[in-house]
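Chemist: One structure, pasted below without further comment.
Coordinate-derived values only; no laboratory data. Being a predicted model, the structure only gives us computed values, none of them experimental. Reconstructed Cβ throughout: ideal geometry from the backbone, glycine too, with neighbour counts over all protein chains shown.
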Amino acid sequence: MEEPDYLGGSTAAEWGDDGGDGGAQDDEYGEEDDAGVQQECLQKFSTRDYIMEPSIFNTLKRYFQAGGSPENVIQLLSDNYTAVAQTVNLLAEWLIQTGVEPIQVQETVENHLKSLLIKHFDPRKADSIFTEEGETPAWLEQMIAHTTWRDLFYKLAEAHPDCLMLNFTVKLISDAGYQGEITSVSTACQQLEVFSRVLRTSLATILDGGEENLEKNLPEFAKMVCHGEHTYLFAQAIMSILSQEEQGGSAVRRIAQEVQRFAHEKGHDASQITLALGTAASYPRACQALGAMLSKGALNPADITVLHKMFSSMDPPPVELIRVPAFLDLFMLSLFKPGAKINQDHKHKYIHILAYAASVVETWKKNKRVSINKDELKSTTKAIETVHNLCCNENKGASELVAELSTLYQCIR
C-alpha cells in the first residue's frame, strides 16, 4: 500500500542538499511506518475468527505490502480460528436430522443472533464501517432484502438514533421500497426524503382502508406525524393541500383532524399550526380569539363575543374557521355536560356559534365564496338549545329524562 508523501513532494536537491541525510531519514521513517502497519494487522489477526471477517483480504494486503511475514499470519489465523459460524451450522444440521423443521431451526438461530446484536451493538464501530470501506458494504444490501434483518435494523435505529450507519441503512430500506414498514422508526422522521415516502405510503394505506380500518391504521400514523414539531407541520401542510382536492379531499381533512385530536390528547398545543394552515390568517381577530381558547382548553365570554359578532355579520368568515374538532369539543363540554356552568347572558352566543358550525353550507370557487346557505341555522339553533336545557336541567330525574327521549331524538335528527 502506497503511503502518502508527507513532505509535500519536494526533493532534497531542490533545497540545495545532497540528499544523504534526508534519504536515511526517509528510510528510517518508512521502516517505522511499516512496522506500525504490521503491528496493527497482527493485532487484528490475533482476534477470534478473524479469518471470517469481510475485511480479511484488505488487512492481508496491507500486511504484505508493509513487508510482513506469511508465517506469522498463518500461525495467528489458525491459532485463533474457533469456527463459531461453522459450529452453528453443524448444530443446525444436527437439529434438522433429529426431525426439527428447517424453518424453525433458521428462526431460532436468527432470533438468537438478533438478540446478541441488539445487546452488543456498538454505534461507533458501526459508523467506522463506512469510514473504512468508503462505500455501501455488499453484505448490508443483502441483509435489507430479508424481513428478519430489516426488523433488526428498525430496533437498532430506535435504540441508537444518532448512529450514522443506521440512519443510512434506514434510507437504504426506504429506497428499496420498504417504507411502509418504518412508520414507527423515529430515525426515519429525521430524514425528509424518507419521511416523505413513509408519509405518502401510510396516508395511502389509511385512505384505501376506509372508515372500517381507520381505528386500526390511524394510531401508528398519528404517532409518527406527532414525533416532532417539524414532522407535524410538514404532514399537516401536505394534508391541508390535499384536503382541497375534490376527490378524496374530505377524507384527508378527516385524517388531519384526527391527528390534531391525537396531538391534543398527548398534551401538545398545535393550535397555532392548525390556524396558520387554515383560513384564520386572513382574520386576525378571529384567529386571536380561537387561538386563546384552544391554547387554554376552555371557552370564555370575551372571545366568544368576538366570534359571535363576526359570524353574525353580513360578511362572516369562512365556516371552516370554527370547524376545528378541538374547538367543537369545548362546546360539547360547556353546553351539554351536566353541572357545567355557563354565563346566561352569553349562552345564546355559544349556541349560535355551534349551530353555525354545524349547519351552514358554503360554496367556494377559486378561493372565492360564491354562496352561503343558512336555511337550517335557525332550526339547528333551536334544537341545540332544547338539548342543552334537557341535559343541564338538574331538577329532572332519570325517569323524566327517559320521557324526553323522543324529543331528544327529534332534535338530533
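Chemist: Nearest 0.05, what FRET efficiency do residue 285 and residue 176 give at R0 = 51 Å with Cβ-Cβ as r? Present the calculation step by step, with values, prior to reporting the outcome.
Modeler: Working: r = 51 Å, r/R0 = 1.00.
Step by step, r from the Cβ atoms, then E = 0.50.
Chemist: Give the dimensionless ratio obtained when the Cα radius of gyration of the chain is divided by 2.2 N^0.38 Å. Intermediate results must be reported in sequence, preceding the final value.
Modeler: Numbers: Rg = 34.7 Å, N = 413, 2.2 N^0.38 = 21.7 Å.
This ratio for the chain stands at 1.60.
Chemist: Between residue 295 and residue 136, how many nm apart are label points set 7 Å from Cα along the C-beta direction?
Modeler: Using points 7 Å along Cα→Cβ, the separation is 4.6 nm.
Chemist: What FRET efficiency would be calculated for the residue pair residue 337, residue 114, taking the C-beta separation as r and a Förster radius of 51 Å, to the nearest 0.05? Write out the running numbers ahead of the final one.
Modeler: Values: r = 50 Å, r/R0 = 0.99.
E(calc), rounded to 0.05, equals 0.50.
Chemist: Given a cut-off of 26 Å, name the pairs among 296/378; 341/382; 125/155; 119/171; 155/266; 347/378 whose C-alpha atoms lie farther apart than that in the structure shown. Don't jump to the answer; show the numbers that get you there.
Modeler: Working: 296/378 30 Å; 341/382 20 Å; 125/155 17 Å; 119/171 23 Å; 155/266 24 Å; 347/378 15 Å.
With Cα atoms farther than 26 Å apart: 296/378.
Chemist: For 265, 71, 110, what ranking results if the residue with the fewest other Cβ atoms within 10 Å of its Cβ goes first?
Modeler: Details: 265 11, 71 8, 110 15.
The fewest-first ordering by Cβ neighbours comes to 71, 265, 110.
Chemist: Please list, in order, the residues from region 114-155 whose amide nitrogen is less than 16 Å from a point placed 7 Å along the Cα→Cβ vector of residue 57.
Modeler: 133-140
Chemist: What's the ranking of 286-298, 309-321 by average number of surrounding C-beta atoms within 10 Å, highest first? Present the calculation step by step, with values, prior to reporting the outcome.
Modeler: Working: 286-298: 17.5, 309-321: 15.2.
Sorting 286-298, 309-321 by mean packing, highest first, produces 286-298, 309-321.
Chemist: Still on this model: Can you list residues whose amide H is under 5 Å from residue 81's amide H, if they're 5+ apart or on another chain and H is modeled 1.01 Å from N?
Modeler: 49
Chemist: Quick one: 3J(HN,Hα) in Hz for region 211-219, Karplus 6.51/-1.76/1.60 with θ = phi - 60°, rounded, Gly and Pro as x.
Modeler: 4, 5, 9, 5, 5, 7, 8, 5, x
Chemist: For the chain, what does the helix formula give at 222 nm: sum of -39500 (n - 2.57) over DSSP H segments with n ≥ 4, over the residue count, nearest 500 deg cm²/dmol?
Modeler: Working: 21 runs with 266 residues, N = 413.
Calculated mean residue ellipticity at 222 nm is -20500 deg cm²/dmol.
Chemist: Figure the gain on full extension for residue 246 and residue 95 (residue separation times 0.36 nm, minus the Cα-Cα span) and round it to one decimal in nm.
Modeler: Details: separation 151, 0.36 × 151 = 54.36 nm, distance 6.04 nm.
Result for the pair: 48.3 nm of gain on full extension.
Chemist: Okay, next question. Rounded to the nearest 20 debye, what is the charge dipole size of the chain about its Cα centre when +1 sits on each Lys and Arg Cβ and -1 on each Asp and Glu Cβ? Each step should come with its number before you reach the end.
Modeler: Working: 36 positive and 58 negative charges, 996 e Å.
Charge dipole of the chain: 4780 debye, to the nearest 20.
Chemist: As I understand it, the dipole of the chain uses +1 on the Cβ of Lys and Arg and -1 on the Cβ of Asp and Glu, about the Cα centre. Which of 169, 104, 387 lies farthest toward its positive end?
Modeler: Working it through, the farthest residue towards the positive pole turns out to be 387.
Chemist: To continue, here is another question. Could you please rank 242, 307, placing first whichever residue has the fewest other Cβ atoms within 10 Å of its Cβ? Numbers along the way, then the final one.
Modeler: Working: 242 17, 307 26.
The fewest-first ordering by Cβ neighbours comes to 242, 307.
Chemist: Here is a further query. Could you tell me the relative contact order of the chain? Use alpha-carbon pairs under 8 Å, at least six residues apart, and round to a whole percent. Display every interim value, and only then the final one.
Modeler: Details: 327 pairs, mean separation 25.9, N = 413.
Rounded, it is 6 percent for the chain.
Chemist: Another one. Figure the gain on full extension for residue 368 and residue 168 (residue separation times 0.36 nm, minus the Cα-Cα span) and round it to one decimal in nm.
Modeler: On the way: separation 200, 0.36 × 200 = 72.00 nm, distance 4.60 nm.
Separation in residues times 0.36 nm, less the Cα-Cα distance, equals 67.4 nm.
Chemist: While we're looking at this one, here's another question. At a 10 Å Cβ-Cβ cut-off, how would you order 352, 268, fewest neighbours first?
Modeler: Values: 352 20, 268 14.
Going from least to most buried by this count: 268, 352.
Chemist: Then there's this: Would you mind computing, in nm to one decimal, how far apart the modelled labels at residue 104 and residue 329 are, each placed 7 Å from Cα along Cα→Cβ?
Modeler: Placing both labels 7 Å along Cα→Cβ, they lie 4.9 nm apart.
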